[in-house]
């Protein structure tokens, strides 16, 4: 496989025109869309209009006339199309962490009502920490146990899962990119009597997701990664229709009230998923998110998530093969699943010697991935993490990224590199 | 008092040049800055730079290189200057509702630790509903009682307040504009043994606030009213230093962790107020808020909040006097305190006959205030609500607004008017 071969793949790629919908900096190969998605070309003008016309001219009237008040549902309905949810089932709100607090509270209420003897919240020892922190808080409040396991051990644990109230899992692991089969795992959890919460932070917009098809219970997800909603974009929350109205969630702010503008003294939750809203949301942040989602939905006529997934796998497979071929002199074992069906849209390479500096040297060469140190005291390796967003990543980008990686390693220039780890916000 | 007299007041007003720092639509007199502040002139370019340079060019690197990661503290320190808090004591985060959940949880933890027999959360029957809804949620969780009283009855209730765990009060009432003396009320609450939470939604940037001077315990506030941060701008949260590190708050997201980028499995709260952060915040929304706060701080060389307060009272007094003089034929009793020291930066007029239509007719004439229906089943009247933001409101605006009001009432044109109430987001 030569660079020309890659260029030919790009020339034949029916998704290639989507790249023009993004603004990519000159001289940069961006393989960190799993951390912060790229700026859509339409975002600056759309947000400028929201600021200058809607806010500046319309002022308070724009809550209605510009549809700000409907943004959580309107953008939610668009995201729903990407994750197998029905219209009206998903809303944009708050952050992933705050939304997890809501759905885990609801899931625990359901579990306690249906099976009070269950005392365990089961999650991934390698889950993104904020999910574990929120779970710790709620477990402490309710006198429950947060038990951590691994993807490898999960099925056996669920087989003896009579004590499990809630399974909380990030479908695609942020470090390894390992992806669980949502339908299969949900079925196992349900067979054990547990309620499932899926964190779609690295799934939504990255891989096909079918929440209703999987009979999942609750889901949350992130707006600033594969949805390209901008730094710290609002998150989303979904509940299966069988659960939505069984409980309030505890963050019972006025936007989740059945009639917010009646200014009632007593809380009455809205029908449907709107009860998962809380305070007044940022219209500017949601407007930027809407553009990001629209940009993803522009792939629908080209095959949508299935086509994006196919390209993502071709990109990541090319990367894996190229690294093996051209960086063979260096120890960079694949830290993501070899099996395409078990890998999200990213590839991680173990790099325990100087991984931090290797990534710094790569970034200095304009190839932006990120670095994740080995977590905790276990044997988890340091990782070089590369995301392959099929909306704007070309096959030649993959080729050139491997060229840069080989150069950095072969030359030893990484020994001189510096990298500020704080920049790597997942 | 003639219009020319008002123009002379404007000509002599040392704060008048601040108006040029805002973008006001042509033909509009905006008296709803208590609901959504006006667009600062500097915001569009600043947010455009955040989108195009920081996000578009800097991408993930901007969390560090553009200082996104420091925004909650940096903007928080600026807001601190407006509310009598010290640097490092206040952060920008989430929404007012979410922040109330945090501080009320912490306040209840403190109250339960120090005085477990106290079972009452005391609040204002006319509080903004979202505060009551959040309090209901936490009271239900903890088996406590939410008791509602009135500003008139508050001192007597606190005098027999041995059962009160937490006093939760919005310093300036959103309907009437009635303002409590924070130092006095806090002292009474403390004498009763209660912990105080002050909602500064209609105080911050509107009236001088001295949280530390008042020995207040916790405070929250809103970014999109007098701080001019844009629709649904992030909110803020403050805790007195004596409380900050006594407890976690339950929304223990990764941004509140002592070392978020260490990706520890176990939550360890950050030192200081940073533990009141939760998930990843919107850098775009916080950037817009920073411009809004900077625009307020531009008044510091002109006397700051004290000078703004003095002008605000002159504006509202002028409005009250002018309405009495020029709308005398109509029943519009003042629904705000007559006493300047007990009134925030707004004036409400009771208007039980056709108030909704009167406001619609005013808006059709370019005078934007808002309408608040009588709350609940009590005797609270329908209100016309007018906010007087001294940063950009002129004395002639007040005069012209009263002219429009008199015209609407005298002509009877209000009988034809329509007004979509949903537009009136507080």
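Need one word for chain B: rounded, prolate or oblate. Basis is the Cα gyration tensor (sqrt eigenvalues a ≥ b ≥ c); a/c below 1.5 gives rounded, then a/b vs b/c decides.
Working: a/c = 1.96, a/b = 1.29, b/c = 1.53.
In terms of gyration-tensor shape, oblate.
Starting with the highest mean, order A:141-147, A:26-32, B:106-112, B:232-238 by the number of other Cβ atoms within 10 Å, averaged over the residues of each peptide.
So the peptides A:141-147, A:26-32, B:106-112, B:232-238, ranked by packing, come out B:232-238, B:106-112, A:26-32, A:141-147.
Using a label position 7 Å from Cα in the Cα→Cβ direction, what is the ascending list of nm distances from residue A:364 to the same site in the other copies?
6.9
For chain A, what does the helix formula give at 222 nm: sum of -39500 (n - 2.57) over DSSP H segments with n ≥ 4, over the residue count, nearest 500 deg cm²/dmol? Working shown, then result.
On the way: 13 runs with 155 residues, N = 426.
Per the formula, -11500 deg cm²/dmol.
Do you know the relative contact order of region A:212-363, to the nearest whole percent, from alpha carbon pairs under 8 angstrom that are 6+ apart?
Details: 156 pairs, mean separation 25.9, N = 152.
Reported relative contact order: 17 percent.
Against the empirical 2.2 N^0.38 Å scaling, what ratio does the C-alpha Rg of the protein assembly as shown come to? Could the numbers behind the result be given before it?
Working: Rg = 27.6 Å, N = 852, 2.2 N^0.38 = 28.6 Å.
Compared with the compact-globule rule of thumb, the protein assembly as shown sits at 0.96.
What does the structure give for A:41-51 when I average, per residue, the other chain Cβ atoms found within 10 Å of the residue Cβ? Could the numbers behind the result be given before it?
On the way: counts 1, 0, 5, 6, 2, 1, 7, 6, 0, 3, 11.
Other-chain Cβ atoms within 10 Å of each residue's Cβ, averaged: 4.
Mark the label point 7 Å from the Cα of residue A:12 along Cα→Cβ and return the residues of region A:391-407 whose backbone N is within less than 15 Å of it.
A:395-396
What do the square roots of 5 times the Cα gyration tensor eigenvalues come to for region A:47-297, in whole Å, largest first, as semi-axes of the equivalent ellipsoid? Walk me through the numbers on the way to the answer.
Working: eigenvalues 200, 84, 41 Å².
Here the semi-axes work out to 32, 21, 14 Å.
Between residue A:49 and residue B:258, with labels modelled 7 Å along Cα→Cβ, what's the label distance in nm to one decimal, could you check?
5.0 nm
Once you average over the residues of B:195-204, how many Cβ atoms of partner chains fall within 10 Å of each Cβ? Please report the intermediate quantities before stating the final value.
Values: counts 0, 0, 0, 0, 0, 0, 0, 0, 0, 0.
That average works out to 0.
Using the Kirkwood radius over Cα pairs, work out the Stokes-Einstein diffusion coefficient for region A:35-175 at 37 °C and 0.692 mPa s, in µm²/s as a whole number. It would help to have the intermediate numbers written out before the result.
Numbers: Rh = 18.1 Å.
It diffuses with D of about 182 µm²/s by this estimate.
When only C-alpha pairs under 8 Å and at least 6 residues apart count, what is the relative contact order of chain B, in percent?
Details: 847 pairs, mean separation 93.0, N = 426.
It comes to 22 percent, rounded to a whole number.
For region B:17-70 and region B:147-180, what is the separation of their C-alpha centers, rounded to whole Å?
36 Å
If you bin every alpha carbon distance in region B:12-52 into 10 Å steps from zero, what whole percent lands in each bin?
24, 45, 27, 4, 0
Shielding by partners for B:121-132, please: the mean number of other protein chain Cβ atoms within 10 Å of each residue's Cβ. Please report the intermediate quantities before stating the final value.
Working: counts 0, 0, 1, 0, 1, 2, 1, 2, 11, 12, 2, 7.
For peptide B:121-132, the averaged partner shielding equals 3.
If packing is taken as the average count of other Cβ atoms within 10 Å, what order do A:384-392, A:356-364, B:205-213 fall into, highest mean first?
The peptides rank, most packed first, as A:384-392, A:356-364, B:205-213.
For the residue pair residue B:215 and residue A:243, what label-to-label distance in nm results when each label sits 7 Å from Cα along the Cα-to-beta-carbon direction?
Result for the modelled spin labels: 4.7 nm.
Quick check: from the Cα gyration tensor, does region A:250-400 come out rounded (a/c under 1.5), prolate or oblate? Intermediate values should be presented prior to the final figure.
On the way: a/c = 2.85, a/b = 1.98, b/c = 1.44.
The shape class here is prolate.
With a point put 7 Å past each Cα toward its Cβ, work out how far residue A:190 is from residue A:4 in nm, to one decimal.
It works out to 5.4 nm between the two label points.
For the peptides A:45-51, B:327-333, what is the packing order when you average, over each peptide's residues, the other Cβ atoms within 10 Å and list the highest mean first? Kindly include the intermediate steps, with their values, before the conclusion.
Numbers: A:45-51: 18.9, B:327-333: 13.4.
The most tightly packed comes first, giving A:45-51, B:327-333.
Please build a GNM for chain B, connecting alpha carbons under 10 Å apart, and tell me which residue among B:369, B:58, B:253 fluctuates the most.
B:58
Ordered shortest first, which distances in nm separate the 7 Å Cα→C-beta label point of residue B:325 from those of the other copies?
Reported distances to equivalent positions: 8.7 nm.
Any idea what the residue A:340 label distances to the other copies are, label 7 Å down the Cα→Cβ vector, nm, shortest first?
Here residue A:340 shows inter-copy label distances of 7.6 nm.
Find, among the residues of chain B, the one whose Cβ sits nearest the axis of the rotation taking B to A; state the distance in whole Å.
For the rotation taking chain B to chain A, the closest Cβ gives B:285, 2.
To test your reading of the geometry: what angle, between 0 and 90 degrees and rounded to tens, separates the Cα axis of helix B:182-192 from the longest principal axis of chain B?
It is inclined by approximately 50 degrees.
Tell me the angle of helix A:304-326 to the major Cα principal axis of chain A, expressed in degrees between 0 and 90 and rounded to the nearest ten.
40 degrees
Between the alpha-carbon centers of region B:219-235 and region A:203-246, tell me the distance in whole angstrom.
So the separation of the two Cα centres works out to 27 Å.
Apply the a/c threshold of 1.5 to the C-alpha gyration tensor of region A:270-338 and tell me whether it is rounded, prolate or oblate. If you can, show how the numbers build up before the last one.
Numbers: a/c = 3.10, a/b = 2.25, b/c = 1.38.
It is prolate, given that a/c is not under 1.5 and a/b is the larger ratio.
Against the longest alpha carbon principal axis of chain A, how many degrees, from 0 to 90 and to the nearest 10, is the axis of helix A:96-114 turned?
Between the helix axis and the principal axis of chain A, the angle is about 50 degrees.
Normalised by the residues of region B:100-239, what does the relative contact order come to in percent, with Cα pairs under 8 Å and at least six apart?
Details: 251 pairs, mean separation 30.9, N = 140.
Relative CO of region B:100-239 lands at 22 percent.
Read the figures in this text as sums done on the coordinates, not as results from a lab. For clarity, every value in this text was computed on a predicted model and none was experimentally measured. As a convention, Cβ positions derive from the backbone with ideal geometry for all residues, glycine included, and neighbour counts pool all protein chains shown.
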